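Undergrad: Following this message is one structure expressed as structure tokens.
The values are calculated or read from the model by the stated rules, or taken from the named source; none is laboratory data. These numbers come from a predicted model, not from an experiment. Cβ placement follows ideal geometry from the backbone for every residue including glycine, while neighbour counts extend to all protein chains displayed.
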Amino acid sequence: MQRSHLHAGHTINLPMKQFLLLIAIASFSLVACKKEINNGCGCAPPPFASQVYGKWQMMAVKDNATGETLSKPVSIQGEVEIALDPTSEKGGFYSGSTPTNYINQSKFEIAAPSSISFKELNMSKVNETSWGSEFADNIQSATSFYRTGKGMGIITTKKTLIFERQ
């Protein structure tokens, strides 16, 4: 014989109560959980910020005054790589590495249509290579960015840092 409980004139048996409780918990879980897509906030980057989201490798540095473009010297081992993790439409965090140093989590800000700034650079410049210095010496003066296919240019006051999505 199954137990039943009387509530406000209605009879609900015990298996039905357990089933309803399971449905309630499952419904809450579906609403409360989001698929983890990026590292920081556990959510998809906002639509505008998705333009810069991801891992990037520096491929070239262009002098804004002369137009001269510098590629990484063959003699330098290692890359300049950054991972941008937007947590809102206004910015997020980045980290990465240069050929000789790590870039610890630092803040960046973005604004539509193409403004970007890197207010922090949490890294040591000890024994930095000329290639890593191109990044470290210029990134904090960034003013804007542009996208081309798999590429992104970060325009600073003196140089344009050219990256490719990895």
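Undergrad: Out of the residues in segment 93-113 that are under 24 Å from T148 (Cβ atoms) and in contact with a helix residue (DSSP H, G or I) (Cβ under 7 Å, 6 or more places away or on another chain), which is modelled with the highest pLDDT?
TA: T98
Residue-wise test of (1) assigned to a strand (DSSP E or B); (2) of a type in the set (G, A, S); (3) in contact with a Gly (Cβ under 9 Å, 6 or more places away or on another chain); (4) in contact (Cβ under 8 Å) with a residue 60 or more places away in the chain.
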residue: V74; (1), (2), (3), (4): no, no, no, no
residue: Q77; (1), (2), (3), (4): no, no, no, no
residue: A83; (1), (2), (3), (4): yes, yes, yes, no
residue: F93; (1), (2), (3), (4): yes, no, yes, no
residue: P99; (1), (2), (3), (4): no, no, yes, no
residue: E109; (1), (2), (3), (4): yes, no, yes, no
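Undergrad: Name every residue in segment 114-151 that is part of a strand (DSSP E or B), surrounded by 16 or more Cβ atoms within 10 Å (Cβ to Cβ) and touching a helix residue (DSSP H, G or I) at 6+ places or on another chain (Cβ under 9 Å), in order of residue number.
TA: Scanning segment 114-151 gives S117, M123, F145.
Undergrad: When only residues in segment 65-101 that are of a type in the set (D, E) and over 11 Å from the mean Cα position of the chain (by Cα) count, which is surrounded by the most Cβ atoms within 10 Å (Cβ to Cβ)? Break it down stepwise before answering.
TA: We begin by selecting, within segment 65-101, every residue of a type in the set (D, E); these are 68, 79, 81, 85, 89.
Within this subset, residues satisfying the condition of being over 11 Å from the mean Cα position of the chain (by Cα) are 68, 79, 81, 89.
Values: E68: 9, E79: 16, E81: 18, E89: 14.
The residue in question is E81.
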